[in-house]
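Written out below as structure tokens is the structure these notes cover.
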Amino acid sequence: MTIIVFLLVLSLLVFVHELGHFVVAKSTGIKVEEFGFGYPPRLFTIARHGDTEYTINAIPFGGFVRMLGEEDPTHPESFAAKSKLVRAGTLLAGPLMNVV
């Protein structure tokens, strides 16, 4: 029972952490291609809303927010094209959500 509770709490922390990155990225105009719970390979897609795919992946210990152009600033909606302040805010939003 303790292991199950631990995994549920860990999953909640991961979800909240990734949600922080996601909300700030979307609100600052960064295109989010995928919000994934767990690590690939992908098991299934829950939904697709706009340009974002919401997925459940096979390895349940983690999650990710895949943003457009994390290293390529050529697209105006890419992570790399945003100002340093926006990029820092997006990166710091995850840990700050865990503190909240």
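For the chain, just say rounded, prolate or oblate: build the C-alpha gyration tensor, square-root its eigenvalues into a ≥ b ≥ c, call rounded for a/c under 1.5, and beyond that prolate if a/b exceeds b/c, oblate if not. Don't skip to the answer; put the middle values down first.
Values: a/c = 2.64, a/b = 1.53, b/c = 1.72.
Judged from the Cα gyration tensor, the chain comes out oblate (a/c at least 1.5, b/c at or above a/b).
Under the 0.36 nm per residue contour assumption, what length would be gained going from the current alpha-carbon distance of Phe61 and Leu91 to full extension?
In short, 8.9 nm is gained.
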- Query: Using θ = phi - 60° and the Karplus curve 6.51 cos²θ - 1.76 cosθ + 1.60, what whole-Hz ³J(HN,Hα) does each residue of the stretch 47-63 get, with Gly and Pro shown as x?
  - Reply: 7, 9, 10, x, 8, 9, 9, 10, 10, 10, 10, 6, 9, x, 9, x, x
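How would you rank 12-18, 1-7, highest first, on the average number of other Cβ atoms within 10 Å across their residues?
Working: 12-18: 15.7, 1-7: 8.1.
Highest-to-lowest ranking by the protection proxy: 12-18, 1-7.
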- Karplus couplings for the stretch 15-29 from phi (6.51 cos²θ - 1.76 cosθ + 1.60, θ = phi - 60°), rounded to Hz, Gly and Pro as x? 4, 5, 4, 5, 4, x, 4, 4, 5, 5, 4, 4, 6, 9, x
- If you stretched the chain out fully between Ser11 and Glu71, how much longer would it get, using 0.36 nm times the residue separation minus the C-alpha to C-alpha distance? 18.8 nm
- Item | Label-to-label distance, nm, for residues given as Ala47 and Val100 (7 Å Cα→Cβ offset) | 2.0 nm
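Could you sort the peptides 26-32, 56-62, 71-77 by per-residue average Cβ neighbour count (10 Å cutoff), highest mean leading?
Values: 26-32: 17.4, 56-62: 13.1, 71-77: 11.0.
Sorting 26-32, 56-62, 71-77 by mean packing, highest first, produces 26-32, 56-62, 71-77.
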- Query: Given the options Phe35, Phe44, Phe22, which has the most mean-square fluctuation in a GNM of the chain, springs set between C-alpha atoms less than 10 angstrom apart?
  - Reply: Phe44
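Quick note: the coordinates plus some simple rules give every number you see, no bench work behind them. Quick caveat: nothing in here was measured; it's all calculated off a predicted structure. Glycine also receives a Cβ, built like all others from the backbone with ideal geometry; neighbour counts cover every protein chain displayed.
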